[in-house]
Amino acid sequence: MDRYGGVTPTAPPLTGPALFDQSWRDLFFLHWAVDPAAVAPFMPRGVRPDVFDGVTYVGLVPFRMVDAGLGQHHATPYFGSFLECNVRLYSVDEAGRHGVVFRSLEATRSFTSMAARWGYRLPYTWANMHVRQRGDHWWWRSDRRYPLGGGSMRLEAQTGEEIEPTDLEVFVTARWGLHHEAFGATWWTPNEHDPWVLQATKVAELRQDLVAQAGIVVADQPTLRPLYSPGVYTAFGFPQRIA
């Protein structure tokens, strides 16, 4: 197989203007190995699970969204900055574009989450979320508010030294776009940002049912090394219909 499972550590440049941009700050990457057959039903038409050595992964990623807005450098006041935690799968289409498929995206801004849910057809949910930091110690809490029916997370973690990522860690973090279904079609939305700066992380406590709420059964603790990144600035291109 290709190194990094076919992904590239650096982003292909956007070929046109940016539709929107944002900064992702203080991200935690938690991953579990899963059978590709178990998540194949969640893939949009024309997309399949992306695999590394025959295995695919589900990620749980809490972070701070900062200064999201249309175009570039036009941050939306108040509504463009919030806490988010997503459950994501890894996807590839027939053209070889490696991306993510979101199963859920918790967000603390009700208007922003509902606008993205109904306008862009992404599975955003409205949640109460809090994050606290003391030195290299972090505490995250999330409780879903809408739609009702469960969805919570408690994470306590300690960040460590910067690391050189393994090929597999590049595979699950260097994803330069997303696949999603909207208006009866499958779309690819590319994004571009600098390569990740990643740090090793120790998880002291993790209690969550967000992955189970997304229809995926995993162990209590991640099966890959937990990672932290201080973040990146990213820009998204215009969606392209693929199926």
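The values are calculated or read from the model by the stated rules, or taken from the named source; none is laboratory data. Small disclaimer: the values here were computed from a predicted structure and weren't measured. We place every Cβ from the backbone using ideal geometry, glycine too, and count neighbours over all the protein chains shown.
Step by step: first the residues of segment 122-144, then only those that are of a type in the set (Lys, Arg) and within 13 Å of Leu83 (Cβ to Cβ), then the one that is surrounded by the fewest Cβ atoms within 10 Å (Cβ to Cβ). Which residue is that? I'd like the intermediate steps shown before the answer.
Here is the first cut: in segment 122-144, the residues of a type in the set (Lys, Arg) are 132, 134, 141, 144.
Applying the additional criterion that residues be within 13 Å of Leu83 (Cβ to Cβ) yields 132, 141, 144.
On the way: Arg132: 10, Arg141: 19, Arg144: 22.
Restricting to residues being of a type in the set (Lys, Arg) and within 13 Å of Leu83 (Cβ to Cβ), the top hit is Arg132.
Has segment 96-106 got at least one residue that is outside any strand (DSSP E or B), touching a residue at least 40 places away in the same chain (Cβ under 8 Å) and over 18 Å from Ser229 (Cα atoms)? Step through it out loud before you land on a result.
Here is the first cut: in segment 96-106, the ones outside any strand (DSSP E or B) are 96-97.
Checking the rest, the ones that are also touching a residue at least 40 places away in the same chain (Cβ under 8 Å) come to 96-97.
In the following step, the residues that additionally are over 18 Å from Ser229 (Cα atoms) were identified as 96-97.
Checked against the condition, which is being outside any strand (DSSP E or B), touching a residue at least 40 places away in the same chain (Cβ under 8 Å) and over 18 Å from Ser229 (Cα atoms), segment 96-106 yields at least one hit.
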Exercise for review: Count, please, the residues in segment 204-220 that happen to be under 17 Å from the mean Cα position of the chain (by Cα) and surrounded by fewer than 17 Cβ atoms within 10 Å (Cβ to Cβ).
Suggested key: 3
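Take the residues of segment 173-199 that are of a type in the set (A, V, I, L, M) and over 20 Å from Thr10 (Cα atoms): which is modelled with the lowest pLDDT? Give the steps one after another, and end with the answer.
To start, the set of residues in segment 173-199 that are of a type in the set (A, V, I, L, M) comprises 174, 178, 182, 185, 197-198.
Applying the additional criterion that residues be over 20 Å from Thr10 (Cα atoms) yields 182, 185.
On the way: Ala182: 92, Ala185: 96.
Only one residue tops the list, namely Ala182.
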Review point. How many residues does segment 145-164 hold that are crowded, with 19+ Cβ neighbours inside 10 Å and not β-branched (Val, Ile, Thr)?
Key: 4
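Which residue, of Val61, Val39, is assigned to a helix (DSSP H, G or I), touching a strand residue (DSSP E or B) at 6+ places or on another chain (Cβ under 9 Å) and either more than 23 Å from Leu227 (Cβ to Cβ) or of a type in the set (Val, Ile, Thr) (or both)?
On the way: Val61 fails: assigned to a helix (DSSP H, G or I).
None of the other options fit; the residue is Val39.
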Revision key, fill the gap. With criteria (1) outside any loop (DSSP other than H, G, I, E, B); (2) more than 25 Å from Ala11 (Cα to Cα), Gly150 comes up short on (1)
Check your understanding: From the set of residues in segment 176-203 that are part of a loop (DSSP other than H, G, I, E, B) and surrounded by 19 or more Cβ atoms within 10 Å (Cβ to Cβ), which is nearest to the chain's Cα centre (by Cα)?
Key -> Trp176
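Quickly run through segment 80-94 and pick out the residues that are in a loop (DSSP other than H, G, I, E, B) and in contact with a strand residue (DSSP E or B) (Cβ under 8 Å, 6 or more places away or on another chain). Outline the logic, then answer.
We begin by selecting, within segment 80-94, every residue in a loop (DSSP other than H, G, I, E, B); these are 80-81, 94.
The answer is Gly80, Ser81.
Within segment 74-82, can one find any residue that is surrounded by fewer than 21 Cβ atoms within 10 Å (Cβ to Cβ) and closer than 21 Å to Leu206 by Cα? Walk me through it before giving the result.
From segment 74-82, those surrounded by fewer than 21 Cβ atoms within 10 Å (Cβ to Cβ) are 74-82; that's our starting set.
Then drop every residue that is not closer than 21 Å to Leu206 by Cα, which leaves none.
No, the conditions are met nowhere in segment 74-82.
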